[in-house]
Amino acid sequence: MNIRLLYWLLRRKRFYFSLALLGFLAFAYKFLEFRQSNAILKKELREGNPFNWQATFRYYAESKRKIRYLEIGNDTKPLIVFIHGAPSSISFWNDLLTDSTLLSKAKLMAVDRPGYGYSGYGRPEISVKEQARLIAQVLLQKRNVFNKIILHGSSYGGTVAARIAMDYPNLVDGLLLQSASVEPGAETTYDISYITTHWALEWLVPGAFKVANHEKLSHRKQLELMRPFWSRVIAPTIILQGDADELIFPSNANYAEKQLINACSVEKLIARGSGHDLLWTRRELLIASLMKLLGDTTYNNLNLFNR
């Protein structure tokens with residue numbers, strides 16, 4: 001074969017391979033954003049809920065940060081607020097935001113934590129106290145509308161939910177800590193988090209992962225800062241934890257239980273054989289826990305749902 005022709009073919013192959021690689025990276029980068037636009041979410045939530053409720057999207061804005069949140073359901077009911085983990089966004093909660101049992105008993109709200117979704121995507125806020133303050137500003141606006149506000153925090157969202165209950169005890173009427181990271185150092189930190197926070201590599205990392213990495217590497221210090229304030233939590237609290245959770249260790253549940261000395265009530269449930277995926281594997285237990293915090297006596301015995 002002619003050398004020039006061979007070289008030309010090789011160059012073309014390289015060109016198409018590079019083009020395909022760039023296309024894949026662009027697709028993967030978009031996919032790994034872990035967020036959905038208002039239009040897509042509104043359509044999915046309307047089609048998914050049996051009452052044909054339409055989600056409303058709102059924003060809380062300050063000079064340096066804007067927080068996106070959505071509401072769905074009846075304003076005359078109590079308010080349940082969902083706070084996601086990392087990396088994630090409002091869309092993590094789609095299954096619960098369209099649940100018929102919850103929608104029949106509560107107005108539902110989900111918040112994009114700072115740095116995720118459309119709350120300043122890609123810009124980390126490592127201070128848990130500041131994250132709690134920003135979300136609390138939204139809730140303070142709702143206090144005159146809703147006589148009961150329940151917080152449901154998952155994973156790192158549990159950290160933030162606990163901090164809100166510490167700093168704004170009269171704002172929280174119930175607290176559900178799902179696989180919540182609350183014990184300093186009792187979680188898995190992967191080597192990739194250290195590597196990809198280096199300035200030379202961080203630009204390659206999707207924004208949601210960048211924010212998650214910064215949160216992860218500062219998490220122990222943030223939890224230590226929270227340690228003196230657990231006694232401020234007065235809301236009835238339910239702690240749910242999988243005993244096979246290899247990301248947020250089961251000792252987190254014991255730690256939270258010991259720290260909650262002034263909560264009106266504390267109930268700890270260990271989901272046997274479950275990992276960090278309780279939203280998908282123990283959804284009925286999560287719903288039952290929220291219903292109990294709402295005051296529905298039908299769900300008083302949560303052990304019936306923890307099987």
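What follows draws every value from the coordinates through simple rules; no lab data is involved. None of the values given here were measured: they were computed from a predicted structure. All Cβ positions, glycine included, derive from the backbone under ideal geometry; neighbour counts span all protein chains shown.
So the values come out like this:
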item: Long-range neighbours under 9 Å by Cβ, at least six apart or interchain, first residue over 16 Å from VAL138 (Cβ atoms) and free of Cβ contacts under 8 Å to residues at least 12 places away in the same chain within segment 45-65, second among the charged types (D, E, K, R) and surrounded by 12 or more Cβ atoms within 10 Å (Cβ to Cβ); result: ASN52/ARG46
item: Only listed residue being closer than 16 Å to LEU279 by Cα, more than 13 Å from the chain's Cα centre (by Cα) and aliphatic (A, V, I, L, M), chosen from LEU151, LEU102, LEU204, LEU140; result: LEU102
item: Residue list for segment 188-230, restricted to those being over 14 Å from ALA86 (Cα atoms), touching a residue at least 12 places away in the same chain (Cβ under 8 Å) and aromatic (Phe, Trp, Tyr); result: TYR194, PHE229, TRP230
item: Yes/no for LEU140 being hydrophobic (A, V, I, L, M, F, W, C), without any contact (Cβ under 8 Å) to a residue 60 or more places away in the chain and surrounded by fewer than 22 Cβ atoms within 10 Å (Cβ to Cβ); result: yes
item: Residue that is surrounded by the most Cβ atoms within 10 Å (Cβ to Cβ) [pool: residues in segment 43-86 that are among the aromatic types (Phe, Trp, Tyr) and not in a loop (DSSP other than H, G, I, E, B)]; result: PHE82
item: Which numbered condition SER119 fails, given (1) within 21 Å of ARG46 (Cα to Cα); (2) out of contact with any Phe, Trp or Tyr (no Cβ under 6 Å at 6 or more places or on another chain); (3) surrounded by 24 or more Cβ atoms within 10 Å (Cβ to Cβ); (4) without any contact (Cβ under 8 Å) to a residue 60 or more places away in the chain; result: (1)
